[in-house]
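> Let me give you the structure first, and then I'll get to my questions.
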Amino acid sequence: MRTDIFARLDREPEPPKIETPRMSRHRIALFGGTLAFYLAIVVAVLVSSWLVTLDWKVMLFRPYQQWPGLHAFLDYYVVLGQRGPTAVMVASWLGWRSWRQHTLRPLLTLGTSLLLLNVTVGAVKLGLGRLGPHYATQIGSAELFAGGDIFPSGHTANAVVTWGILAYLATTPRARRYLSAVSAFVSLGVGLTTVYIGTHWLSDVVLGWAAGLLILLALPWFEPLITRTEVWVLSVREQWRARRRARGAVPAAPAAQEPVLLPQALCGGAPAGGVQGAASTAPAPTAAHPGAAGRARAHPVHPVRSERTPPAPAGSRRPPHADRAPRNSAGPSRPVAGGPVAP
């Protein structure tokens, strides 16, 4: 007996009418405030302000030595910020939603957010080149432009974007509130875990939170592009299906029949010349031998060439002998048995 829980797992008959988020004034204000905070963190690290001093104090405190019992659990928990595993988990869920709702928007939105994350965070990482706490060379230094790639924290920004996209794509206000709380808890935990195990400075994590939030707030600007991409992909799919159906509807061309040579006795036409006599003597297949016709088709019988009896020669074929008289000439008869011939 079907229940409402299992009924909700079925595919919907048609795409639901989901209102896409728009760039409202409230969202624009949040985006502007987060961007100002982002730039302030970058400037504070560039000038080696109090924020860099706080980074060193936290690093020298060594939280992983203060609470060693948490290390085993947090080594697994930090995986929730790694791009590969989190992208696979979230893409699987959004792929099922795309199939159920007949729309590609969830997957396209995830792909757009991850692309923006790689471009923006990756550019700042490579541009500033900050070294991590384990590779620091001078106490109190910001460790910038030294070939590193940890500022901002990629784990933290990826956790904000990957889990926050679930709240962004929620279809009801209640689900959006719950998913926002879950994504905030996960991203905060992942960021602090990287500080605990000593792979990131505290300022790296704070900038990672701001970088991920900026991407989520800017997604409504990319909604028209996502919509056009979805329409184009679906149109290409329909054209491909139409070509497949057209190819399957065209009947296959009939194969050319090979000529079959039959004996003259099986043919209705009268042969010409001497072939008539030879063909008339060929035995026709009877009902007692039903496979005769099949054998005739499998082994075509070539027309039998008429062999005429050559005319007999007028004389004897033996060469003439000078000392032997012809058989029909007059003379003494040859003795049948040995002995003298009687007079």
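> All but one of (1) assigned to a helix (DSSP H, G or I); (2) modelled with pLDDT under 90 hold for Glu258; which doesn't?
(1)
> Still on this structure, I have one more. For the stretch 52-74, how many residues meet the condition of being open to solvent by 70 Å² or more (accessible area, probe 1.4 Å), among the charged types (D, E, K, R) and part of a helix (DSSP H, G or I)?
1
> Another question about this same structure. Taking the residues in the stretch 89-113 that are of a type in the set (S, T, N, Q) and in a helix (DSSP H, G or I) as candidates, determine which candidate is most open to solvent (accessible area, probe 1.4 Å).
Ser92
> Would you check if there is a residue in the stretch 104-114 being among the β-branched types (Val, Ile, Thr) and within 30 Å of the chain's Cα centre (by Cα)?
Yes: one or more hits.
> Just checking, how many residues over the stretch 167-180 are part of a helix (DSSP H, G or I) and either in contact with a strand residue (DSSP E or B) (Cβ under 8 Å, 6 or more places away or on another chain) or within 14 Å of Thr112 (Cα to Cα) (or both)?
Within the stretch 167-180, residues that are part of a helix (DSSP H, G or I) and either in contact with a strand residue (DSSP E or B) (Cβ under 8 Å, 6 or more places away or on another chain) or within 14 Å of Thr112 (Cα to Cα) (or both) number 1.
> From (1) touching a residue at least 12 places away in the same chain (Cβ under 8 Å); (2) surrounded by fewer than 16 Cβ atoms within 10 Å (Cβ to Cβ), pick out the condition that doesn't hold for Thr86.
Single failed check for Thr86: (2).
> Looking at the stretch 75-85 only, could you name the residues that are assigned to a helix (DSSP H, G or I) and under 22 Å from Trp201 (Cβ atoms)?
Across the stretch 75-85, the qualifying residues are Asp75, Tyr77, Val78, Val79, Leu80, Gly81, Arg83.
> From Arg22, Arg2, which residue is at pLDDT below 95, in contact with a helix residue (DSSP H, G or I) (Cβ under 8 Å, 6 or more places away or on another chain) and not polar (S, T, N, Q)?
Step by step, each of Arg22, Arg2 is checked, and only Arg22 is at pLDDT below 95, in contact with a helix residue (DSSP H, G or I) (Cβ under 8 Å, 6 or more places away or on another chain) and not polar (S, T, N, Q).
> Also, I was wondering about something else. Could you give me the residue pairs with C-beta distances under 6 Å whose first residue belongs to the stretch 6-26 and is within 15 Å of Arg97 (Cβ to Cβ), whose second residue is of a type in the set (Asp, Glu) and modelled with pLDDT of 75 or more wherever it lies, and which are 6+ apart or on separate chains?
Once the first residue is within 15 Å of Arg97 (Cβ to Cβ) and sits in the stretch 6-26, its partners that are of a type in the set (Asp, Glu) and modelled with pLDDT of 75 or more give Thr20/Glu223.
> Still on this structure, please answer the following. Is it true that some residue in the stretch 145-157 is touching a His at 6+ places or on another chain (Cβ under 8 Å) and open to solvent by 30 Å² or more (accessible area, probe 1.4 Å)?
yes
> Report, by residue number, each residue of the stretch 16-35 that is open to solvent by less than 60 Å² (accessible area, probe 1.4 Å) and among the small types (Gly, Ala, Ser).
Of everything in the stretch 16-35, those that are open to solvent by less than 60 Å² (accessible area, probe 1.4 Å) and among the small types (Gly, Ala, Ser) turn out to be Ser24, Gly32, Gly33.
> Considering (1) modelled with pLDDT of 95 or more; (2) exposed (fewer than 14 other Cβ atoms within 10 Å of the Cβ), say which one Tyr38 fails and leave the rest.
(2)
> Here's a follow-up. Of the residues that sit in the stretch 180-205 and are surrounded by fewer than 20 Cβ atoms within 10 Å (Cβ to Cβ) and of a type in the set (Val, Ile, Thr), which one is farthest from Pro63 (Cα to Cα)?
Val182
> Identify, by number, the condition in (1) open to solvent by 40 Å² or more (accessible area, probe 1.4 Å); (2) without any contact (Cβ under 8 Å) to a residue 12 or more places away in the chain that Gly140 doesn't meet.
Of everything listed in (1) open to solvent by 40 Å² or more (accessible area, probe 1.4 Å); (2) without any contact (Cβ under 8 Å) to a residue 12 or more places away in the chain, Gly140 misses just condition (2).
> Here is a list: Leu126, Leu80. Which entry is in contact (Cβ under 8 Å) with a residue 40 or more places away in the chain, open to solvent by 30 Å² or more (accessible area, probe 1.4 Å), of a type in the set (A, V, I, L, M) and within 30 Å of Ala167 (Cβ to Cβ)?
Leu80
The values are calculated or read from the model by the stated rules, or taken from the named source; none is laboratory data. What you see is a predicted model; the values in this text were computed from it and never measured. All Cβ positions, glycine included, derive from the backbone under ideal geometry; neighbour counts span all protein chains shown. Ligands, DNA and RNA are stripped out before the accessible areas are found, and what is left, the full protein with its side chains, is counted by its heavy atoms. Shrake-Rupley method; radii C 1.70, N 1.55, O 1.52, S 1.80 Å.
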